[in-house]
Amino acid sequence: MSGYQPEKVHQVMLKLSGEVLAGARGHGYDDEVIDILTDEIIEVKKLGYSLAIVLGGGNIFRGGKWKNQSLNRIVLDNIGMMATVQNALYLAEILNNKNYPAVALSALEMDKIAPHYSPEAAQRALKEGRICFLCGGTGNPYFTTDTAAVLRAVELGFDIVLKGTKVDGLYTADPALDPDATLISSATYQECLDQKLGVMDMTAFALAQENNLPVKIFNVNQQGILAQAILRSDVGTYIHP
């Protein structure tokens, strides 16, 4: 399957960085941005898709990239994973307040705060029509939330991972530096490796490749784009086997 076929997509894993939630502030929460984002998530749900979401925690704390590298990486990554739980709880609560059932399932055992993630718990929630936030990363240090998103999509048998970024997709070069850079609409995993296209970190990329899981890269900062990224083949970059 070389071209994106939206009619074959029914279960969507959405991966968003924590920085998206911060908006122009760069840290914490921009409630106007989150209000728009949750409305767009609701629009996708209204279209009938099963939807799970993995959020980063960079708006609160970036584990492996924290400036004080003399500190224990495992501790720093655990703090970052807890930041993803905070983000998931906040967005799930906003969606529930908008009368769209949502739940945050945590890979970290935090029973007083969020139910523990398992594939069975997530499948039950999805069958009940809930929007599922799968937080706490993989539950282990040294793994990114990109890897968590791909892992959960594979575990749950999802059709695609949608990765929201700051640009329209993958380009032949950095569009900020090269005025001749062109958008790549579709590429195989091998073409991404050959051309050194940075889809996501290599652990996440290898896991997607091994399990024939397509990934679509799109610009989440364009208002109204989320549903279009699912419905239209001309939006974003489609990465496939």
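Values quoted throughout were computed directly from the atomic coordinates according to the rules given, and no laboratory measurement underlies them. All of these numbers come straight from a predicted model, not from anything done at the bench. Neighbour counts run over all protein chains shown; Cβ positions are idealised from the backbone, glycine included.
Please give the calculated 222 nm ellipticity per residue for the chain, where each DSSP H segment of at least 4 residues contributes -39500 (n - 2.57) and the sum is spread over every residue; nearest 500 deg cm²/dmol?
The helix-only estimate for the chain comes to -11000 deg cm²/dmol at 222 nm.
Going by how many other beta carbons lie within 10 Å of each one, how would you line up Asp194, Asp146, fewest first?
Asp194, Asp146
Whose amide H sits under 5 Å from the amide H of Lys216, counting only residues 5 or more places off or on another chain, with H placed in the peptide plane?
Amide H to amide H, under 5 Å and 5 or more residues apart or across chains, Lys216 pairs with Val161, Leu162, Lys163, Ile239.
Please report the net charge: other residues with Cβ closer than 10 Å to the Cβ of Ile239, K and R +1, D and E -1.
Surrounding charge for Ile239 is +1.
What's the whole-number percent of alpha carbon pairs in the chain lying beyond 21 angstrom?
55
Just want the answer: with Cβ charges of +1 for Lys and Arg and -1 for Asp and Glu, which residue in Gly139, Ser50, Gln223 is farthest toward the dipole's positive end in the chain?
About the Cα centre, the residue reaching furthest to the positive side is Gly139.
Springs between alpha-carbon atoms under 10 Å, Gaussian network over the chain: tell me which of Asn72, Asn59, Asn87 tops the mean-square fluctuations.
Greatest mean-square fluctuation among the candidates belongs to Asn72.
Tell me, which longest segment in the chain has none of the GluC sites (Glu not before Pro) that fall in DSSP loops with at most 14 further Cβ atoms within 10 Å?
Longest run free of exposed loop sites: 129-241.
Quick one: work out the % antiparallel among DSSP beta bridges in the range 141-241, nearest 5.
So the antiparallel bridges amount to about 40 percent of the total.
List the trypsin sites (Lys or Arg not before Pro) within the range 160-209 that fall in a DSSP loop (any state other than H, G, I, E or B) and whose Cβ has at most 10 other Cβ atoms within 10 Å.
Counting only loop positions with at most 10 other Cβ atoms within 10 Å, the trypsin sites (Lys or Arg not before Pro) in the range 160-209 are Lys166, Lys196.
Roughly what % antiparallel, to the nearest 5, for the DSSP beta bridges in the chain?
Antiparallel bridges: around 20 percent, rounded to the nearest 5.
Can you give me the C-alpha center-to-center distance between the range 109-166 and the range 169-241, rounded to a whole angstrom?
Here the answer is 21 Å between Cα centres.
Between Pro175, Pro141, Pro214, where does the largest GNM mean-square fluctuation fall for the chain, given springs only between Cα atoms within less than 10 Å?
Maximum among the listed residues: Pro175.
Under DSSP H, which helices of the chain have Cα atoms covering 15 Å or more of the helix axis and a Kyte-Doolittle average no less than -0.5?
31-46, 73-97, 145-156
Between Glu155 and Ser185, what length in nm is gained on full extension when 0.36 nm per residue of separation is reduced by their alpha carbon distance?
The span from Glu155 to Ser185 would gain 8.1 nm if fully extended.
If the elastic network links every pair of Cα atoms under 10 Å, which of Asp178, Asp31, Asp201 fluctuates the most in the Gaussian network model of the chain?
Asp178
Report the number of Lys pairs in the range 6-240 whose alpha-carbons are under 15 Å apart, with separation of 8 or more residues or on distinct chains.
Number of lysine pairs found: 10.
Relative to the Cα centre, what is the charge dipole magnitude of the chain, using +1 at the beta carbon of each Lys and Arg, -1 at the beta carbon of each Asp and Glu, and rounding to the nearest 20 debye?
Using only the charged Cβ atoms, the result is roughly 420 debye.
Return a whole-number percent for the relative contact order of the chain, with Cα pairs under 8 Å and 6 or more residues apart as the contact set.
Once divided by the residue count of the chain, the mean separation gives 23 percent.
In what sequence do Thr182, Thr145 fall when counting other Cβ within 10 Å, fewest first?
By the 10 Å Cβ count, ascending, the order reads Thr182, Thr145.
Order by neighbour count: Asp35, Asp111, fewest other Cβ atoms within 10 Å first, most last.
Sorted ascending by nearby Cβ count, the order is Asp111, Asp35.
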